[in-house]
Structure formats: structure tokens, C-alpha cells
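Student: Please see the structure below; I have some questions.
Each reported figure results from applying straightforward, stated rules to the coordinates on display, with no laboratory input. For clarity, every value in this text was computed on a predicted model and none was experimentally measured. FYI the Cβ positions are ideal-geometry reconstructions off the backbone, even for glycines, and counts take in every protein chain you see.
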Amino acid sequence: MDMGRSFTFTFKDPEWVNRVGLGTLISIVPILGLADLGYQVEVSRRVMRGESRPLPTWDDLGRKWVEGIALFLALLIYQLPIYVLLCGPLALFLPVLKVSDQRSAEAAVSAVLLIWLLTCGAGVLLALAESFLVPGIYLQYVRRSTFFACFDLPAIFSAIRRHTSQYFTAWLGMLCGVLIYILVVLVVGGLLGLIPCVGWVLQIPVAGAGIFWLHAVIGHLVGQLGVQCG
């Protein structure tokens with residue numbers, strides 16, 4: 001696994017300006033932006049085939065969008081328990097609003113807040129655990145191109161068990177990519193936000209370019225993982 005190559009290969013392609021530019025535009029269009037996930041899948045497949053230029057063109061956009069939708073829905077299903085943990089306890093506030101006694105209401109609010117904090121902590125731990133499955137989820141989809149392949153947990157755990165070091169490197173690379181994306185968007189976006197009137201508009205393409213780059217990085221990491229797993 002060459003993590004550094006995953007972070008830089010995007011800019012080594014002779015046509016990277018056109019492909020990144022178009023990817024940025026697609027990324028910032030609602031709904032259509034999910035095609036970025038399909039683009040990520042194609043990056044992985046090219047890396048697994050050993051192509052020297054794994055940055056794809058944007059032809060066959062419809063297929064990329066369909067594959068992006070499939071991955072998005074699969075990840076959403078995995079994340080549903082996290083949303084329940086984070087948002088479920090908030091429903092407890094509804095009965096509290098009906099408590100007329102002030103002291104009882106304050107005690108009830110404190111109890112609900114404590115429950116919410118505990119479930120938030122559990123949600124964060126669950127999100128971290130779920131993120132560890134993401135490389136395997138992507139890899140199964142890249143290999144088999146079916147929605148249900150994303151839920152083949154025996155195959156995912158087999159990849160983790162048989163190629164632990166490579167899998168951990170891919171997962172760590174994803175986390176680093178997300179962290180870099182957040183930092184760059186915050187710093188560059190914050191500086192652009194200082195520009196009167198148009199600053200907030202300029203933040204949009206920066207975020208879009210960052211998302212495209214992040215998907216390309218993840219695609220390359222998953223492709224390398226696929227090569228290692230055989």
C-alpha cells in the first residue's frame with residue numbers, strides 16, 4: 001500500500017485540470033453530485049487493473065451516477081443506527097414539554113440531556129466502528145457491482161482478517177483524507193469568506209474540488225487494497 005501515491009496521483013495525470021474541473025462542477029450540483037461516488041468506483045477498478053493513469057474521464061456519467069446512488073444508499077443503511085442514537089433521545093423532550101411543575105420539568109430535562117450525551121458518545125464510537133467497514137464495503141461493490149454486495153459482511157471481515165495491515169492502511173488513509181479535506185476547506189473557505197460579497201460564492205467550488213479529490217483518494221486506496229487482497 002502506497003498511501004502517498006493515493007494523495008498525489010490526481011495531479012500527475014496530463015488531463016487532470018479538465019477532469020478535476022468537471023468533477024468539481026458535478027460535485028456541487030445537488031443529486032447529480034452522487035456521481036462522484038461512481039467516479040470513485042471507476043478509479044478503484046482502474047487501479048486494480050494496473051492502469052498507469054487511473055484518473056477516468058467523465059464519459060458514461062449516467063452509469064457513474066447510478067453506481068454512486070447504490071453506494072450512497074448502502075452507506076445510509078449502515079448509518080441508520082447512528083442517526084437513531086444521535087436523534088432518538090431528542091424525542092424524549094416532547095413529554096417533558098407537558099410537565100407543568102417547574103422543578104419536575106428541570107429534573108426531566110437534565111435526565112434527557114444526560115441520556116442524549118450518553119447516546120451521542122455511543123453514536124461516535126459506533127460511527128468510528130462503522131467507518132472501519134467502509135473500505136471493505138467499497139471493495140465488495142467495486143468487485144461485484146451489486147447493491148447487496150455492500151452487505152456481504154463475511155467477505156468484508158475475511159478481507160480484514162486476511163489482510164489486516166493493508167486494510168488498516170487503507171482505512172487510515174481514508175481518515176487522513178477526510179481530515180485534510182476538512183482542514184483545507186476550513187482554512188481556504190475561511191480566507192475566502194473574508195472577501196466581501198463574493199466570498200461565500202467562492203467557497204462552493206473549493207468545497208466541490210475537495211470532495212472530488214477526496215473521492216479520488218479513497219478510490220485509489222480501495223483499488224490498492226483490492227490488488228493486495230487478490
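Student: Please go through the stretch 16-60 and give me each residue that is touching a Phe, Trp or Tyr at 6+ places or on another chain (Cβ under 8 Å), over 16 Å from residue 211 (Cα atoms) and not in a loop (DSSP other than H, G, I, E, B), ordered by number.
Tutor: 44
Student: Name the residues in the stretch 1-23 that are under 16 Å from the mean Cα position of the chain (by Cα) and of a type in the set (Ser, Thr, Tyr), would you?
Tutor: Hit for the stretch 1-23 is 6, nothing else.
Student: Which of the following residues is without any contact (Cβ under 8 Å) to a residue 40 or more places away in the chain and farther than 18 Å from residue 9 by Cβ: 191, 175?
Tutor: 191
Student: Out of the stretch 127-171, which residues are acidic (Asp, Glu) and assigned to a helix (DSSP H, G or I)?
Tutor: 130
Student: Going by the conditions given, is residue 204 loosely packed, with under 15 Cβ neighbours inside 10 Å, touching a residue at least 24 places away in the same chain (Cβ under 8 Å), among the aliphatic types (A, V, I, L, M) and more than 25 Å from residue 85 (Cα to Cα)?
Tutor: Yes.
Student: Is it true that some residue in the stretch 207-227 is within 24 Å of residue 67 (Cα to Cα), polar (S, T, N, Q), part of a helix (DSSP H, G or I) and out of contact with any Pro (no Cβ under 9 Å at 6 or more places or on another chain)?
Tutor: Looking for residues that are within 24 Å of residue 67 (Cα to Cα), polar (S, T, N, Q), part of a helix (DSSP H, G or I) and out of contact with any Pro (no Cβ under 9 Å at 6 or more places or on another chain), one finds at least one in the stretch 207-227, hence yes.
The rows are residues; the columns are (1) within 20 Å of residue 6 (Cα to Cα); (2) surrounded by 15 or more Cβ atoms within 10 Å (Cβ to Cβ).
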| position | (1), (2) |
| --- | --- |
| 25 | no, yes |
| 28 | no, yes |
| 36 | yes, yes |
| 49 | yes, no |
| 52 | yes, no |
| 66 | no, no |
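Student: Name every residue in the stretch 141-174 that is of a type in the set (Gly, Ala, Ser) and under 16 Å from the mean Cα position of the chain (by Cα), in order of residue number.
Tutor: Hits for the stretch 141-174 are 170, 173.
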